[in-house]
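Peer 1: Below you will find the structure I want to go over with you.
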Amino acid sequence: MSKEEKTMDKLIQELKNMKEKAYQGGGEDKIKAQHSKGKLTARERLALLFDEGTFNEIMSFATTRATEFGLDKMKMYGDGVVTGWGKVDGRTVFAYSQDFTELGGTLGEMHANKIARIYELALKVGAPVVGINDSGGARIQEGAVALEGYGQVFKMNVMASGVIPQITIMAGPAAGGAVYSPALTDFIIMIKGDAYYMFVTGPEITKVVLGEEVSFQDLGGAVIHATKSGVVHFLAENEQDAINIAKRLLSYLPSNNMEEPPFMDTGDPADRDVKDVEQIVPTDSAKPFDMKEIIYRIVDNGEFLEVHKHWAQNIVVGFARIAGNVVGIVANNSQYLGAAIDIDAADKAARFIRFCDAFNIPLISLVDTPGYIPGTDQEYKGIIRHGAKMLYAFAEATVPKITVIIRKSYGGAHIAMSIKSLGADLVYAWPTAEIAVTGPEGAVRILYRKEIQASSNPDEFIKQKIAEYRKLFANPYWAAEKGLIDDVIEPKDTRRIIASALEMLRNKREYRYPKKHGNIPL
Ligand code: HXC
């Protein structure tokens, strides 16, 4: 071996040693501690996410410049986060994965720079970012510099919003402002279990300030966020499940806002009858039914990725394919609150509609709602502001919009589920549809107030007027005569008709007045 070759060998060996050190993160003990909590390491998680052998790590030698509080002696390669890109089902995806074994995965200047760098590259090439969060939050030793770092990450989240899909997996703690980067992304997947939680203020401070005693899980566990706060879109049983959900979600999304969502030949014929679908809807419109049963039967192979499955269940949103094309479905579910729209349902739907519009995903509305929810609770909390979001989101959306009125469609909620004047491209109705300003009972009491007061038998009078009202409006034909419905269709034809409508609307172009941005009610 020549002298130079020997030197090169040494250099390469040195590089290998350094990489080995970087790959060990915080070292064996910390990795053991991580595993003992049932958590995987940052690199183990990335290995599950990416197609085998495709992950390219960058900035693995980066480390903090801070020296305060002995940080100069605690410096670690990677600075608590692993960053890079790879392939997920053959498509380029960027990722950062916080490494709790290094300085508790805390965010300092370099850690933030690494995440920002991933975002810069992802934005340049138009590829999604998956962020795996497992961190003690702002690195206390780096003081205001750490906070500045969060500002940098938040800004990148916002710059990327509507340009590339952003998915967060909550795989550890997130306290204080650290929760806001996940909140600024499109979807949060959170893992069930004691090791995973997120809150703005933890149990200790909650107790001091409010005297309220609450556990970590009851304050900010995955179940709470998936069912009560609506912060979490997908509840994962474990780490592997969280990664699987992220991959499944990515399979419906375009890589960026300039692309169409990925077509997939599902083998499910576009023109098949939707067998027995009419059996799902009770003809007695007071009886609830599970709208998801209709969705499963209409979409390709019954595959529906429901978003916010456990929150605001009176409205159902999620992704599916029809004849191979990705669609976003917004549907009412009368099994919850009789499918009336409340604040949470409106927020849930509006955010989903805006995501679909940003990423060229056509919207299908399946309608069965008696209206917005009445009462002081909702009025005081601002159902006017929140309900307006759905109207705004549908009116703003330029993607193909197809509405199928399955059963009830009353009042403001009729409009909020997307009608022609709001911008729906096509509106269909089943023969079971009922379309009116308000339900029969309320309508009669308002229209015939004086007559009811004067009547010798008000109950009988009301009954008779309700029957007349129902005869007029408890069907789709009155609205169809006025040209408000494009066609009344047999339930079994729903899939075929949606598939042809999507095909026809494929090249739809719709423009809006130029503006800096709209001002959606919040
Ligand atoms: C520096 C931190 C840290 C932090 C944890 N560590 N949080 N170091 N700054 N914020 C270190 C610990 O000292 C420890 O170091 C290692 O990370 C692992 O932490 P442990 O406490 O041993 O782990 P665990 O018992 O699992 O507890 C995890 C934890 C706890 C619940 C996250 O560490 C904790 O409460 N940390 C503080 C959380 C916090 O208040 N962060 C700031 C939030 S405010 P060694 O050397 O022992 O391994 C914020 C502002 C953002 O983030 C503002 C944006 C707008």
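The values are calculated or read from the model by the stated rules, or taken from the named source; none is laboratory data. Because the structure is a prediction, the values reported are computed rather than measured. In this analysis, Cβ positions are derived from the backbone assuming ideal geometry, glycine residues included, and neighbour counts consider all displayed protein chains. Note: areas computed on protein heavy atoms with side chains; ligands, DNA, RNA excluded. Shrake-Rupley method; radii C 1.70, N 1.55, O 1.52, S 1.80 Å.
Peer 1: I'd like the residue in the range 12-51 that is of a type in the set (Ser, Thr, Tyr) and open to solvent by 90 Å² or more (accessible area, probe 1.4 Å) and, out of all such residues, is nearest to residue 132 (Cα to Cα).
Peer 2: Just the residues of the range 12-51 that are of a type in the set (Ser, Thr, Tyr), to begin with: 23, 36, 41.
Still in the running and open to solvent by 90 Å² or more (accessible area, probe 1.4 Å): 23, 36.
Values: 23: 17, 36: 19 Å.
The residue in question is 23.
Peer 1: Out of all the residues in the range 167-175, is one or more without any contact (Cβ under 8 Å) to a residue 40 or more places away in the chain, within 16 Å of the ligand (Cβ to nearest atom), more than 24 Å from residue 203 (Cα to Cα) and in the same structural domain as residue 94 (by the TED database)? Walk me through how you get there before you give the answer.
Peer 2: Looking only at the range 167-175, we keep the residues that are without any contact (Cβ under 8 Å) to a residue 40 or more places away in the chain, and these are 168, 173, 175.
If we keep only those that are within 16 Å of the ligand (Cβ to nearest atom) too, we end up with 168, 173, 175.
Next cut, more than 24 Å from residue 203 (Cα to Cα) only: none.
Among the residues of the range 167-175, not one is without any contact (Cβ under 8 Å) to a residue 40 or more places away in the chain, within 16 Å of the ligand (Cβ to nearest atom), more than 24 Å from residue 203 (Cα to Cα) and in the same structural domain as residue 94 (by the TED database), which makes the answer no.
Peer 1: Say whether the condition of being free of Cβ contacts under 8 Å to residues at least 60 places away in the same chain and in contact with a helix residue (DSSP H, G or I) (Cβ under 6 Å, 6 or more places away or on another chain) is met by at least one residue in the range 102-109.
Peer 2: Filtering the range 102-109 down to residues free of Cβ contacts under 8 Å to residues at least 60 places away in the same chain leaves 104, 106, 108-109.
Imposing the further condition that a residue be in contact with a helix residue (DSSP H, G or I) (Cβ under 6 Å, 6 or more places away or on another chain) reduces the set to 108-109.
Looking through the range 102-109, at least one residue is free of Cβ contacts under 8 Å to residues at least 60 places away in the same chain and in contact with a helix residue (DSSP H, G or I) (Cβ under 6 Å, 6 or more places away or on another chain).
Peer 1: Look at residue 483 and say whether it is modelled with pLDDT of 95 or more and under 30 Å from residue 259 (Cα atoms). Give the steps one after another, and end with the answer.
Peer 2: Working: modelled with pLDDT of 95 or more: yes; under 30 Å from residue 259 (Cα atoms): no.
Here the answer is no, as residue 483 does not meet what is asked.
Peer 1: Right, here's the next one. Got a sec? Which helices (runs of 4 or more DSSP H) wholly within the range 367-435 have at least 1 residues that are out of contact with any Ser or Thr (no Cβ under 7 Å at 6 or more places or on another chain) and closer than 28 Å to residue 280 by Cβ?
Peer 2: On the way: elements: 376-381, 383-396, 411-416.
So the answer is 383-396, 411-416.
Peer 1: Looking at the structure I just gave you, is residue 490 assigned by the TED database to the domain that holds residue 358, over 30 Å from residue 358 (Cα atoms), touching a residue at least 40 places away in the same chain (Cβ under 8 Å) and open to solvent by less than 20 Å² (accessible area, probe 1.4 Å)?
Peer 2: Values: assigned by the TED database to the domain that holds residue 358: yes; over 30 Å from residue 358 (Cα atoms): yes; touching a residue at least 40 places away in the same chain (Cβ under 8 Å): yes; open to solvent by less than 20 Å² (accessible area, probe 1.4 Å): no.
The answer is no for residue 490.
Table: residues versus (1) over 16 Å from the mean Cα position of the chain (by Cα); (2) of a type in the set (Val, Ile, Thr); (3) closer than 25 Å to residue 359 by Cβ.
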| site | (1), (2), (3) |
| --- | --- |
| 148 | yes, no, no |
| 155 | yes, no, yes |
| 170 | no, no, yes |
| 194 | yes, no, no |
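Peer 1: Scanning for something out of contact with any helix residue (DSSP H, G or I) (no Cβ under 8 Å at 6 or more places or on another chain), at pLDDT below 95 and within 12 Å of the ligand (Cβ to nearest atom), does the range 6-23 turn up at least one residue?
Peer 2: no
Peer 1: Moving on to the next point. Kindly list, by first and then second residue, each pair from a residue in the range 266-286 that is farther than 15 Å from residue 430 by Cα to a residue that is of a type in the set (Ser, Thr, Tyr) and surrounded by 17 or more Cβ atoms within 10 Å (Cβ to Cβ), limited to pairs with Cβ atoms under 6 Å and residues at least 6 apart or on different chains.
Peer 2: So the pair list comes out empty.
Peer 1: Give just the number: which of (1) open to solvent by 50 Å² or more (accessible area, probe 1.4 Å); (2) under 27 Å from residue 91 (Cα atoms) does residue 128 not satisfy?
Peer 2: Tallying (1) open to solvent by 50 Å² or more (accessible area, probe 1.4 Å); (2) under 27 Å from residue 91 (Cα atoms), residue 128 fails exactly one: (1).
Peer 1: Scan 268, 284 and give me the residue that is modelled with pLDDT under 95, out of contact with any Phe, Trp or Tyr (no Cβ under 8 Å at 6 or more places or on another chain) and among the charged types (D, E, K, R). Spell out the reasoning first.
Peer 2: Working: 268 fails: modelled with pLDDT under 95.
Unique residue meeting the criteria: 284.
Peer 1: Only one residue in 268, 284, 273 is within 17 Å of residue 304 (Cβ to Cβ) and acidic (Asp, Glu). Which one?
Peer 2: Numbers: 284 fails: within 17 Å of residue 304 (Cβ to Cβ); 273 fails: within 17 Å of residue 304 (Cβ to Cβ).
It is 268.
Peer 1: Which members of the range 154-163 meet the condition of being within 13 Å of the ligand (Cβ to nearest atom) and surrounded by fewer than 20 Cβ atoms within 10 Å (Cβ to Cβ)? Lay out the reasoning, then the answer.
Peer 2: As a first pass, look at the range 154-163 and keep what is within 13 Å of the ligand (Cβ to nearest atom): 154-155, 157.
Correct list: 154, 155.
Peer 1: Being assigned to a loop (DSSP other than H, G, I, E, B) and of a type outside the set (A, V, I, L, M) is true for just one of 268, 218, 241. Which residue is that? Don't jump to the end; show me each part of the working.
Peer 2: On the way: 218 fails: assigned to a loop (DSSP other than H, G, I, E, B); 241 fails: assigned to a loop (DSSP other than H, G, I, E, B).
Testing whether each residue is assigned to a loop (DSSP other than H, G, I, E, B) and of a type outside the set (A, V, I, L, M) leaves just 268.
Peer 1: Out of 294, 361, 329, I need the residue that is surrounded by 23 or more Cβ atoms within 10 Å (Cβ to Cβ), of a type in the set (A, V, I, L, M, F, W, C) and either assigned to a strand (DSSP E or B) or not assigned by the TED database to the domain that holds residue 422 (or both). Which one?
Peer 2: Numbers: 294 fails: either assigned to a strand (DSSP E or B) or not assigned by the TED database to the domain that holds residue 422 (or both); 361 fails: either assigned to a strand (DSSP E or B) or not assigned by the TED database to the domain that holds residue 422 (or both).
Exactly one of 294, 361, 329 is surrounded by 23 or more Cβ atoms within 10 Å (Cβ to Cβ), of a type in the set (A, V, I, L, M, F, W, C) and either assigned to a strand (DSSP E or B) or not assigned by the TED database to the domain that holds residue 422 (or both), namely 329.
Peer 1: A further question on this structure: Say we look at the range 132-153 and pick out the residues that are open to solvent by less than 50 Å² (accessible area, probe 1.4 Å) and hydrophobic (A, V, I, L, M, F, W, C); which of these is nearest to the ligand (Cβ to nearest atom)?
Peer 2: 138
Peer 1: Please go through (1) over 19 Å from residue 510 (Cβ atoms); (2) crowded, with 18+ Cβ neighbours inside 10 Å; (3) hydroxyl-bearing (Ser, Thr, Tyr) for residue 456 and return the number of the only condition it doesn't satisfy.
Peer 2: Result: residue 456 passes all but (2).
Peer 1: Which one of these is in the same structural domain as residue 153 (by the TED database), small (Gly, Ala, Ser) and within 11 Å of the ligand (Cβ to nearest atom): 38, 108, 84, 53? Explain how you work it out, then say what you get.
Peer 2: On the way: 38 fails: within 11 Å of the ligand (Cβ to nearest atom); 84 fails: within 11 Å of the ligand (Cβ to nearest atom); 53 fails: within 11 Å of the ligand (Cβ to nearest atom).
Just one listed residue meets the conditions, 108.
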